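Notes follow the structure.
The values are calculated or read from the model by the stated rules, or taken from the named source; none is laboratory data. The structure displayed is predicted, hence computed values, not measured ones. With ideal geometry, Cβ positions are generated from the backbone for all residues, glycine too; neighbour counts draw on all protein chains shown.
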Amino acid sequence: MAGVKLDGFFDAATARSIAMGQASANNLVMDEIYALKKAVATKAATGELQAVVGTATGAAGTSTMTANTTYFEAWNDSFSFNTPAHKIARENMNYIFNFFTRIGYAVTRSREGTTNTFNWTIQW
């Protein structure tokens with residue numbers, strides 16, 4: 001943590017990091033990145049040019065975010081779903097999106113049928 005501690009209490013950036021799970025051993029963002037990386041590696045090894053993670057037929061697997069209604073709500077309707085949990089979910093998903101796009105992948109999300117879940121699609 002790079003936060004300045006004037007009185008021994010952490011700064012706002014550190015509090016946000018803790019809230020997002022990025023300052024704990026149970027790091028949802030890193031778990032999600034790992035699930036997507038594993039799907040990409042599996043699909044690329046078979047000569048495919050995309051990997052789908054979620055509940056879609058033929059998906060390379062599911063992940064915590066794709067199976068969680070809060071993440072779907074945060075992505076699908078940010079106006080109606082604007083609680084702190086939804087804001088954190090949006091920020092976590094943005095982190096995932098940015099991580100993969102910075103290294104050259106195209107990333108999209110799509111609703112799975114009429115469920116309250118989504119699929120990540122990563123293309124290369």
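For this structure, a couple of remarks:
- The number of residues in region 84-124 being of a type in the set (A, V, I, L, M) and either touching a Pro at 6+ places or on another chain (Cβ under 9 Å) or not in a strand (DSSP E or B) (or both) comes to 6.
- Exclusive hit being modelled with pLDDT of 95 or more and either crowded, with 17+ Cβ neighbours inside 10 Å or touching a helix residue (DSSP H, G or I) at 6+ places or on another chain (Cβ under 7 Å) (or both), set G61, G54: G54
- The selection criterion, being at negative phi, in contact with a Lys or Arg (Cβ under 9 Å, 6 or more places away or on another chain) and free of Cβ contacts under 8 Å to residues at least 40 places away in the same chain, does not hold for A89.
- The condition of being modelled with pLDDT under 95, outside any helix (DSSP H, G or I) and surrounded by fewer than 15 Cβ atoms within 10 Å (Cβ to Cβ) holds for N26.
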